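The values are calculated or read from the model by the stated rules, or taken from the named source; none is laboratory data. For clarity, every value in this text was computed on a predicted model and none was experimentally measured. Here Cβ is always computed from backbone atoms with ideal geometry, including for glycine, and neighbour counts include all displayed protein chains. The area values use the complete protein model at the heavy-atom level, side chains included, leaving out ligands, DNA and RNA. Shrake-Rupley method; radii C 1.70, N 1.55, O 1.52, S 1.80 Å.
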Amino acid sequence: MMNKRMVLFCLIGLTFSVAVAVAHNNGKKEIILHGGKKGNITFPHHRHHDIVTDCMVCHKDFPKEPGALQASKKAGTLKKKQVMNKTCLKCHRARKKAGEAYGPVSCSGCHVK
Ligand code: HEC
Ligand code: HEC
Ligand code: HEC
């Protein structure tokens, strides 16, 4: 039988875990992004968290919400291909130039039909 003290301890532990899970919503591991007529992009989100430790490198332009890119483009707060050119490709190209590990720089490297 658990005594009152143990129950209280468990409840505090549970509350703490839930609070941490809410505070650290890292989103999905992998996200399918809408790529228009070029075809969608399978984006390894969590792999980027290891490379880019500052979330705001990407999320400065759109919120941490599912479907944020499409919603922002529809609302006019983002231009089409803005994130692709100014965030994704900008980093991949700079890292390639610097001789570091880099992501795709050709259309078909990201867009898969
Ligand atoms: C390299 C760019 C990049 C970085 C860095 C990044 N994200 Fe994201 N994140 C995205 C993209 C792209 C989406 C998808 C938005 C959409 O669905 O239109 C996204 C979506 C999300 C979502 C929405 C839920 C989901 O998974 O669809 C959450 C939550 C999130 N990110 C949290 C984070 C956190 C926390 C960090 C930092 C630890 C982070 N992101 C760093 C690009 C990034
Ligand atoms: C590093 C990955 C990456 C590469 C390489 C890339 N794209 Fe994209 N592309 C994206 C992402 C992410 C989006 C959605 C966000 C945006 O519109 O900025 C996108 C969106 C698009 C769209 C749809 C825009 C819309 O809203 O209708 C087109 C068209 C497109 N890309 C064409 C291209 C072409 C052509 C090339 C090669 C010259 C290319 N892309 C290379 C990641 C990439
Ligand atoms: C600040 C740098 C940086 C930004 C911003 C960034 N990436 Fe990357 N990306 C990388 C690096 C570095 C790798 C290679 C990781 C590895 O080798 O494990 C990579 C890998 C990838 C891959 C994996 C290709 C494979 O081998 O499977 C894809 C797809 C990709 N990025 C798409 C994107 C898209 C789409 C965006 C924008 C929403 C983006 N990246 C933003 C640095 C970045």
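Structure values in brief
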item: Linear extension gain, K64 paired with S108, 0.36 nm per residue minus alpha-carbon span; result: 13.2 nm
item: Accessible surface of region 27-110 [probe 1.4 Å, protein heavy atoms]: carbon and sulfur percent; result: 58 percent
item: Mean shadow area of region 27-110, taken as a quarter of the surface of its Cα convex hull (nm²); result: 5.4 nm²
item: Distance (nanometres) between label positions extended 7 Å along Cα→Cβ at N26 and K90; result: 2.5 nm
item: Solvent-accessible area per residue for region 27-110 (1.4 angstrom probe, square angstrom); result: 75 Å²
